[in-house]
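Just below is one structure, and these are the notes that go with it.
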Amino acid sequence: MKIFAYGTLKKKGILHKHMEGATFIRKRKIHGYELYLAPDETYPLLYFTGNKKDVVVGELWQIDKRIKRKLDKHEEGYVLKKLLKSPIMTYYPNFDIKHLCKKIPKNKHGKYEFNVKKDFYIGFNSRNDGE
């Protein structure tokens with residue numbers, strides 16, 4: 001089965017170790033989605049907009065049942081679901097992303113891309129609003 005990795009499971013991602021044994025196919029762009037940073041600011045959430053101008057950059061991987069079981073266990077609270085003809089993606093169903101999360105900004109090419117390197121988080125946890 002194929003999965004689309006768009007965040008911490010990507011190459012050089014901080015959770016890429018869970019992809020051990022998977023086969024990288026190619027980089028992939030999907031249209032009609034945005035990325036938001038989860039409320040705890042440690043991973044991205046995929047959000048469907050339907051706008052073809054919204055483009056998320058990720059990676060397409062081939063995984064087997066063993067890796068899928070490992071990902072399902074690690075991604076508890078998530079749902080692995082096939083969206084139309086797209087590869088399997090992880091996302092929160094019925095989650096109020098726009099009101100609870102920060103949108104990850106587009107890069108200079110107009111694409112949403114989650115920088116999975118550890119230094120990505122510097123600056124995102126800088127809320128000084130007394131909460």
Residue, surrounded by the most Cβ atoms within 10 Å (Cβ to Cβ), within region 21-48, restricted to residues that are in contact (Cβ under 8 Å) with a residue 60 or more places away in the chain and among the aliphatic types (A, V, I, L, M):
Leu35
Somewhere in region 37-46, is a residue outside any loop (DSSP other than H, G, I, E, B), under 14 Å from Gly7 (Cβ atoms) and among the charged types (D, E, K, R)?
no
Here is a check on your reading of the model: is Arg26 of a type in the set (D, E, K, R), in a strand (DSSP E or B), within 16 Å of Met1 (Cα to Cα) and modelled with pLDDT of 75 or more?
yes
Subset of region 49-97 [at pLDDT below 60, in a strand (DSSP E or B) and either surrounded by 14 or more Cβ atoms within 10 Å (Cβ to Cβ) or touching a Pro at 6+ places or on another chain (Cβ under 9 Å) (or both)]
Val79, Leu80, Lys81, Ile88, Met89, Thr90, Tyr91
Quick one: His109 ticks every box in (1) closer than 22 Å to Lys12 by Cβ; (2) modelled with pLDDT of 85 or more; (3) touching a helix residue (DSSP H, G or I) at 6+ places or on another chain (Cβ under 9 Å) bar one, so which box is it?
(3)
At positive phi and of a type outside the set (D, E, K, R): does that describe Gly50?
yes
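The values are calculated or read from the model by the stated rules, or taken from the named source; none is laboratory data. Just so we're clear, the structure is a prediction, and the values are computed from it rather than from any experiment. Neighbour counts run over all protein chains shown; Cβ positions are idealised from the backbone, glycine included.
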